[in-house]
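Structure first, then comments.
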Amino acid sequence: MSVSADTSPAPAAAVITEPLPDLQLQLLIQLLDEDPRSSLPLTLTHPGGLLHGDVIGHEQWKAEWARSLRQVEGEGANLLAEFPETVDQGVRELHGQEDAETARLPRWIHLRDVTLLGGAISAVSLPLWRGRLSDVSGWALGRPQ
């Protein structure tokens, strides 16, 4: 009986991959994040269809979301209005300064006054929308006419 040594490499740790966002779109959003009053009309394609609205920065999205939730009646509305800031604070504490390099470019896109067109359904209008940049497959400045 012969014994053979297993020479196959040890299994590597699992690696999570995701599609890369468009670098130019990331840089455009980063630029909009610098001025909380800025916005830009944009049309996007993504897995759900065509989407158009005004792209805004993360801070402006948080402020507008909180403002819209404060208009809702009930005790939970005020708690939800603070949710985006609470999440951002938790992420900053979790990652600290070690993740500063990867946190530099945005991974999410925020739009207001949104119209979603998808398949056979009628157009859907939304006051605010947040999506993952890696899901955007194409984009153009402006809105369809």
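Given the criterion closer than 20 Å to P21 by Cα and either surrounded by fewer than 13 Cβ atoms within 10 Å (Cβ to Cβ) or without any contact (Cβ under 8 Å) to a residue 40 or more places away in the chain (or both), identify the matching residue among L133, L141.
Of L133, L141, the one residue that is closer than 20 Å to P21 by Cα and either surrounded by fewer than 13 Cβ atoms within 10 Å (Cβ to Cβ) or without any contact (Cβ under 8 Å) to a residue 40 or more places away in the chain (or both) is L141.
Sort out which residues of segment 71-91 are exposed (fewer than 12 other Cβ atoms within 10 Å of the Cβ) and more than 18 Å from the chain's Cα centre (by Cα), and write them in order of number.
Listed by number, the residues that qualify are Q71, V72, E73, G74, E75, G76, L79.
Pick out the one residue from G49, G57, G53 that is touching a strand residue (DSSP E or B) at 6+ places or on another chain (Cβ under 9 Å), over 14 Å from R130 (Cα atoms) and at pLDDT 85 or above.
On the way: G57 fails: over 14 Å from R130 (Cα atoms); G53 fails: over 14 Å from R130 (Cα atoms).
Checking each option against the conditions leaves just G49.
Is there any pair with a first residue in segment 1-26 that is at pLDDT 75 or above and a second that is hydroxyl-bearing (S, T, Y) whose Cβ atoms are under 8 Å apart and which are 6 or more apart or on different chains, and what are they?
Short answer, once both residue conditions are applied: P19/S134; L20/S134; P21/S134.
Taking the condition in contact with a helix residue (DSSP H, G or I) (Cβ under 9 Å, 6 or more places away or on another chain) and within 24 Å of P21 (Cβ to Cβ), does G90 pass?
Numbers: in contact with a helix residue (DSSP H, G or I) (Cβ under 9 Å, 6 or more places away or on another chain): no; within 24 Å of P21 (Cβ to Cβ): yes.
No.
Which members of segment 127-145 meet the condition of being over 23 Å from A63 (Cα atoms) and either touching a Gly at 6+ places or on another chain (Cβ under 7 Å) or in a strand (DSSP E or B) (or both)?
G138, W139, A140, L141
Run T115 past the list (1) more than 20 Å from S39 (Cβ to Cβ); (2) hydroxyl-bearing (S, T, Y); (3) surrounded by 13 or more Cβ atoms within 10 Å (Cβ to Cβ) and report the number of the one that doesn't hold.
(1)
Does L40 meet the test of being in contact (Cβ under 8 Å) with a residue 60 or more places away in the chain, surrounded by 14 or more Cβ atoms within 10 Å (Cβ to Cβ), more than 14 Å from L105 (Cβ to Cβ) and out of contact with any Ser or Thr (no Cβ under 9 Å at 6 or more places or on another chain)?
Spelling it out, L40 is indeed in contact (Cβ under 8 Å) with a residue 60 or more places away in the chain, surrounded by 14 or more Cβ atoms within 10 Å (Cβ to Cβ), more than 14 Å from L105 (Cβ to Cβ) and out of contact with any Ser or Thr (no Cβ under 9 Å at 6 or more places or on another chain).
The values are calculated or read from the model by the stated rules, or taken from the named source; none is laboratory data. Note that the structure is a prediction, hence the values are computed from the model and not measured. Cβ sites come from the backbone with ideal geometry, for glycine too, and all protein chains shown count toward neighbours.
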